[in-house]
Amino acid sequence: MRFVYIFLIAVLLLSAGLLSAIAQEDDDYGAQAQALTRTFSGELKEALMTALTDEGPVQALEVCHERAAPIAMGAAADTGWTLRRTALKTRNPDNKPNGWEGQVLEKFEQQKAAGVPVEDLEMIGLDGNLVRYMKAIPTADMCLICHGSDIAPEITESLMKLYPEDEATGFAVGDIRGAFTLSKPIAVFYE
């Protein structure tokens, strides 16, 4: 009987160590994803603000259309992560959420309705052989120029040219505009 207790204690200690290592890896992946998200969002916001200030909202829309994907690729270069944006209401149909992303976005909406600040909404998890991370994007005042309910005619015209399938309007400050979404194959973590 004593052997059984010693064996069970050893298994529990081993399991705790293994779980601790897994939790540490999750923290590392989360830290990587958070850093990449900060880099991408910072660079994109800077490009948008510069265009908005220097040339106006139509040019800022052009910058978003032309520069968002290259900025994301540059931020994630040589990391093994893919990085993009998605939303329940997309501007670009190429950014529609996949099944996992859609579920996370719905969960974010539920958490927001329960009082969790949009800035705090993030998720890391496994989806098949991918580690995935999502961080909600809150709608700020600046976003309403192109994503609000009262959009200037010249911006609406530009939106129709650049994004004929646009669904990403009607937002208010504090809404979940979408999310940054990152993924990385699990095998890359163990190389």
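The values are calculated or read from the model by the stated rules, or taken from the named source; none is laboratory data. Predicted model, so just to flag it, every value in this text is computed and none were measured. With ligands, DNA and RNA removed, areas are computed over all heavy atoms of the protein, side chains included. Shrake-Rupley method; radii C 1.70, N 1.55, O 1.52, S 1.80 Å.
Worth a mention:
- The range 98-191, accessible area per residue, ligands and nucleic acids excluded (1.4 Å, Å²): 53 Å²
- Gain upon complete extension [Lys96, Glu167; 0.36 nm per residue less C-alpha separation]: 24.5 nm
- Within a straight-line Cα-Cα reach of under 17 Å, Lys89 can be paired with the following lysines, leaving aside sequence neighbours fewer than 8 residues apart in one chain: Lys107, Lys112, Lys135.
- Separation between Cα centres of the range 147-170 and the range 25-95, rounded to whole Å: 19 Å
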